[in-house]
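Here is the structure we will look at, set down as structure tokens.
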Amino acid sequence: MTESYSVVTFAYNEEKTIAQTIRSILVNCDDRLTKLTVVANGCTDQTVEEAKAAMQGAAVACEVVELSLGDKCNAWNEYVYHHLPKADIHFFVDSDVTFTDQAFPKLFEKLINSPTKNAVTGLPQTGRNVRQYIELATRYSCLFGNLYGLKNEFVQRLAEQGIRLPIGLSWIDAQITKLVNDNLEYQKDDYQPRVTFVEGIGYRFDSLKPWKPDDIRLYINRICRYKTGQLQEPYLDALPFTEWPETMDSINSDILQNGVKLAALGKVAPFRHKVLKRLRKTFSSQSGSQA
């Protein structure tokens, strides 16, 4: 069978950027792309319509999956368990970025020829911290959620074990990095660098402008999301991957009961109310819908 790869992009109210992302995916793939999927989760704008329009005329199979819940972990689980196409490598990307020249074939070749690796990550090619991201990928084997690829063999082993990302998890990249580098081990005692990358290959994004109110809100929401994820992290680290909860409700409840002190929040302390709001959000156990 000819080696192949798939691409999925997750979108939550990305009507302004989704078409550009789709066009960038299509132009930076080769004929080994088997399918492009958009998972629109909880969108209340024109994301779905923009995505369908951008896909028209594509020379590859395309699908838009619509989910009512605006949660990326739920979208990730739904894709992996119910919409994953046949391919050797599965790429996961965000819907507010574009990609470097032929990023997907180059990252595909790197991973397919790296027998000891489970994943390949794209590196950000804009912003002030490009060198820092290279260090994170090199020293800590980190992957970045804007663009990464997983071997099909790894994804199939994950699905066979019934491992899912807990709905309501706030720092997804960190936990996927651990799944990859621990090789899904139950005891989490086999942590090795299992993420590879290609320097200069990755994604681009529009830098936030401190004079734009929307960008300020986006930045605040982002740092609050990361801080919430850091508060959740020790609880998930104490559990085998197979015992991760379906939702973060019980863990978030424990965090709230123990108290979220200002000292633990650092620079996010002025926005403690936003962190608490994230921790108070609850989800029903089976449907994945917000309660």
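The values are calculated or read from the model by the stated rules, or taken from the named source; none is laboratory data. Values in this document were obtained by computation on a predicted structure and should not be read as measured data. Quick reminder, even Gly has a Cβ in these numbers, built from the backbone with ideal geometry, and neighbours come from all protein chains shown. What goes into the accessible areas is simple: the full protein's heavy atoms, side chains included, and nothing from ligands, DNA or RNA. Shrake-Rupley method; radii C 1.70, N 1.55, O 1.52, S 1.80 Å.
To the nearest 500 deg cm²/dmol, what mean residue ellipticity at 222 nm is calculated for the chain from DSSP H runs of n ≥ 4 alone, each contributing -39,500 (n - 2.57), summed and divided by the residues? Show your work: numbers first, answer last.
On the way: 11 runs with 113 residues, N = 291.
Value at 222 nm, helices only, nearest 500: -11500 deg cm²/dmol.
Compute the separation of the alpha-carbon centres of segment 27-76 and segment 205-243 and state it in Å as a whole number.
So the separation of the two Cα centres works out to 23 Å.
Nothing charged except the Cβ atoms of Lys and Arg (+1) and of Asp and Glu (-1): what's the magnitude of the dipole of the chain about its Cα centre? Round to the nearest 20 debye. The partial results should precede the final answer.
Numbers: 34 positive and 35 negative charges, 228 e Å.
For this selection, approximately 1100 debye.
Can you spot the lysines whose alpha carbon is less than 26 Å from residue 209's alpha carbon? Ignore those fewer than 8 places along the same chain.
16, 72, 227, 267, 274, 277
Rounded, prolate or oblate: which fits segment 89-151, taking a ≥ b ≥ c as square roots of the Cα gyration tensor eigenvalues, rounded meaning a/c under 1.5, else prolate when a/b beats b/c? Numbers along the way, then the final one.
On the way: a/c = 1.82, a/b = 1.20, b/c = 1.52.
Oblate.
Whole number in Å², please: accessible area per residue of segment 17-65, 1.4 Å probe, ligands, DNA and RNA not counted. Kindly include the intermediate steps, with their values, before the conclusion.
Working: 2160 Å² over 49 residues.
The answer is 44 Å² per residue.
Quote the charge dipole size of segment 175-286 about the Cα centre in Debye, to the nearest 20; the model charges only the Cβ of Lys and Arg (+1) and of Asp and Glu (-1).
Details: 18 positive and 14 negative charges, 199 e Å.
Here the size comes out at about 960 debye.
Restricting to Cα pairs below 8 Å that are 6+ residues apart, what does the relative contact order work out to for segment 8-50? Please round to a whole percent.
Numbers: 44 pairs, mean separation 29.0, N = 43.
Here the relative contact order equals 67 percent.
If packing is taken as the average count of other Cβ atoms within 10 Å, what order do 107-120, 88-101 fall into, highest mean first?
Details: 107-120: 19.1, 88-101: 21.7.
In descending order of packing, they fall as 88-101, 107-120.
Could you work out the relative contact order of segment 110-177? I mean the mean sequence separation of Cα pairs under 8 Å and 6+ apart, divided by the number of residues, in percent. All intermediate terms of the calculation are to be shown ahead of the outcome.
Working: 50 pairs, mean separation 23.3, N = 68.
Once normalised by length, the contact order is 34 percent.
Counting only complete DSSP H runs, which helices of the chain cover 15 Å or more along their long axis at the Cα atoms and score a mean Kyte-Doolittle of 1.6 or above? Mind dumping the intermediate values first?
Working: long enough: 213-237 (36 Å, -0.91).
Span-like helices, by this rule, are absent here.
When a/c reaches 1.5 or more, the comparison of a/b and b/c decides; with that in mind, is segment 177-291 rounded, prolate or oblate per its Cα gyration tensor? Working shown, then result.
Numbers: a/c = 1.80, a/b = 1.08, b/c = 1.66.
In terms of gyration-tensor shape, oblate.
Taking only C-alpha pairs under 8 Å that are 6+ residues apart, what is the relative contact order of the chain in percent?
Values: 527 pairs, mean separation 52.7, N = 291.
It rounds to 18 percent for the chain.
Percent of accessible area on the chain owned by carbon and sulfur, 1.4 Å probe? Display every interim value, and only then the final one.
Details: 6840 of 14140 Å².
C and S atoms contribute 48 percent here.
Once you sort the root eigenvalues of the Cα gyration tensor of segment 22-161 as a ≥ b ≥ c, which label holds: rounded (a/c under 1.5), prolate (a/b larger than b/c) or oblate (the other case)?
Details: a/c = 1.42, a/b = 1.29, b/c = 1.10.
Taking the square roots of the gyration eigenvalues as a ≥ b ≥ c, segment 22-161 is rounded.
Determine which aspartates and glutamates satisfy two conditions relative to residue 188: a Cα distance under 15 Å, and not lying fewer than 8 residues away in the same chain.
233, 237, 243
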